[in-house]
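J.: Structure below; questions to follow.
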Amino acid sequence: MSESVSEADIDTEAAPAYDPAAPAPLNVARTPTGNAEVDARLDRLADADHLATDGHVEVYEDVHRGLRDALTALDARPGPAAPSPSYHQSRS
C-alpha cells in the first residue's frame, strides 16, 4: 500500500481548526458606577474573556448573585427618618 497524502489533507493540517468554544475577549466596555462593590462585580465579567464558552455560566451566575446581594444590602440599609405626617388640617 502506498501512503500518499492528498492536497486536501495538507490544507486541513496546515490551517488551524476554528474552535467556536475557544476563549475570546468580548471587548464590552464596563462603565464604573461609583459603587465599589458593584464595580468589583462588573469587573469580574472580564474573567469570562479568558474562559471557553462553557465556563461563562459560572462567571455570569457569580456576578448576578453578587449584584443581587448588593441591591438587597441597599434595601436593608437604614435611611434617614421619614418626616412624621402632619395631622394639622388647614381650614378655609
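Read the figures in this text as sums done on the coordinates, not as results from a lab. Here the structure is a predicted model, which means the values were calculated and not measured. Neighbour counts are summed over all protein chains in view; Cβ atoms, including those assigned to glycine, are modelled from backbone coordinates with ideal geometry.
J.: Could you work out the local net charge near T33, counting Lys and Arg as +1, Asp and Glu as -1, over the other residues with Cβ closer than 12 Å to its Cβ?
T.: Cβ neighbours under 12 Å give a net charge of -1.
J.: For a protection proxy built on the mean count of beta-carbon atoms within 10 angstrom, sort 26-39, 63-76, 46-59 highest first, please.
T.: Result, highest mean first: 46-59, 63-76, 26-39.
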